[in-house]
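Note sheet for the following structure.
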Amino acid sequence: MSISAAVTLASLPHLAEAYSSPSFPTSTQTLFSGDNHPHSYKWRLVIAYDGTRFSGWQYQPSIPTVQSILERPLTRITKLEHKDLHLVGAGRTDAGVHAWGQVAHFITPFNFDTLDGIHRSINALLPSDIRVKEISAAAHEFHARFSAICKTYEYKIYNDTILDPFQRLYAYHSEYKLNVNAMRDAAKYFIGKHDFSAFANASRDDRVRDRVKNILHFDVIEMGPILQLRVEGSGFLYRQVRNMVGLLLQVGREAVPPDIVPKILETCDRKQLAKYALSLPPHGLCLRAIKYKEEHLHLPLGSPVTSFGMHHSIKTCKLPCS
């Protein structure tokens, strides 16, 4: 890659002041090293976003999605085309679903000297409802989606007569007092390996062959009026979490007993679940974390230091002695 193809601060003049620091290149320096390196470089991102206004994660050219918005600063900074970034997300969250620990990777034909400046550049160009929390080099074997060994989702229910307006975009409101212990009993039935066909919507997963998923933990955490339903599993089918929580809500309302869960699981029939519960809306759901194989998280030799964001501090002001 020639110097003319590299991004400089001169090409982003309105951001120059924000990036002025000893660790960020000056206007005559490129952001990248290894311009003539014949190999590609892979980069891992940890991302948080408020999914309220987005039509999910997956790229769509004319619709605002998290992936399409995230690609804008990446293509601008790297000068690569959309197709050449190969940006891949670990979880294809639906419209309105939030994330605190989404993971993605992208590829460049060049190396970065330092990641702090790149990190700040990306966030400066993103809207305030998307933030890159971490950026690091990744091994060539790492794949944001296929290297994942488990994912953790949380669904939030606000269980009180009056909904806290600050929770309206992030929690499902249940006015009825829920039986939390019954919900916990029901959640235990989901733990283990099961065929979750009865809890998957058909619109996207009808071609998925393996519908057996392993649920490692399913906790119902009570924090005042807020219930956090936290589920960790090897993977999830389309809308599986929202369907499971929908049934737990009916258990909490004492409309159905906890042992309805294994009975519905055994049917492998989505129509059986529909007799008792509906899928809950997306705004209460958040992708919290994704775990990976340890060997896929090792940094390649010679890679730049991982960036977790930079703190800005006001310089000490010395007051004159009286």
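The values are calculated or read from the model by the stated rules, or taken from the named source; none is laboratory data. Because the structure is predicted, anything quoted here is derived from the model rather than measured. A quick note on method: Cβ atoms are made from the backbone with ideal geometry, for glycine too, and the neighbour counts reach across all protein chains shown.
Scanning the range 97-118 for residues that are of a type in the set (F, W, Y) and not in a loop (DSSP other than H, G, I, E, B) yields W100, F106, F112. Just one of (1) surrounded by fewer than 18 Cβ atoms within 10 Å (Cβ to Cβ); (2) closer than 27 Å to Q272 by Cβ; (3) touching a helix residue (DSSP H, G or I) at 6+ places or on another chain (Cβ under 6 Å) fails for G192. It is (3). In the set (1) under 20 Å from G89 (Cα atoms); (2) acidic (D, E); (3) surrounded by 14 or more Cβ atoms within 10 Å (Cβ to Cβ), the condition left unmet by D185 is number (1).
Number of residues in the range 218-268 that are of a type in the set (G, A, S) and over 15 Å from Y153 (Cβ atoms): the value is 3. The residue list S136, S121, S128 contains one member that is of a type outside the set (A, V, I, L, M, F, W, C), in contact with a Leu (Cβ under 8 Å, 6 or more places away or on another chain) and either free of Cβ contacts under 8 Å to residues at least 60 places away in the same chain or in a helix (DSSP H, G or I) (or both), which is S121. Per the conditions (1) buried (at least 17 other Cβ atoms within 10 Å of the Cβ); (2) of a type in the set (F, W, Y); (3) under 21 Å from C286 (Cα atoms), the sole criterion not satisfied by F166 is (1). Can you confirm whether Y155 is of a type outside the set (A, V, I, L, M, F, W, C) and part of a loop (DSSP other than H, G, I, E, B)? Taking the combined requirement at face value, the residue does not satisfy it.
Quick check: is even one residue across the range 40-48 modelled with pLDDT of 95 or more, outside any strand (DSSP E or B) and of a type in the set (S, T, N, Q)? The answer is no; no qualifying residue exists.
Here F106, F166, F110, F142 are screened, and the one residue that is in the same structural domain as P282 (by TED's automatic domain parsing) and not polar (S, T, N, Q) is F166.
To keep it simple, each residue is scored yes or no on (1) at pLDDT below 95; (2) touching a Lys or Arg at 6+ places or on another chain (Cβ under 8 Å).
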| position | (1), (2) |
| --- | --- |
| A202 | yes, yes |
| R207 | yes, no |
| P225 | no, no |
| Q228 | no, yes |
| V231 | no, no |
| Q240 | no, yes |
| Q250 | no, no |
| V256 | no, no |
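Of the residues making up the range 55-96, those that are free of Cβ contacts under 8 Å to residues at least 12 places away in the same chain, buried (at least 19 other Cβ atoms within 10 Å of the Cβ) and part of a loop (DSSP other than H, G, I, E, B) number 1. Could you tell me whether the range 99-108 includes any residue that is of a type outside the set (S, T, Y), modelled with pLDDT under 95 and over 22 Å from Y153 (Cβ atoms)? No - not one qualifying residue is present in the range 99-108.
In the set (1) of a type in the set (A, V, I, L, M, F, W, C); (2) touching a Cys at 6+ places or on another chain (Cβ under 8 Å); (3) within 18 Å of L280 (Cβ to Cβ), the condition left unmet by L216 is number (3).
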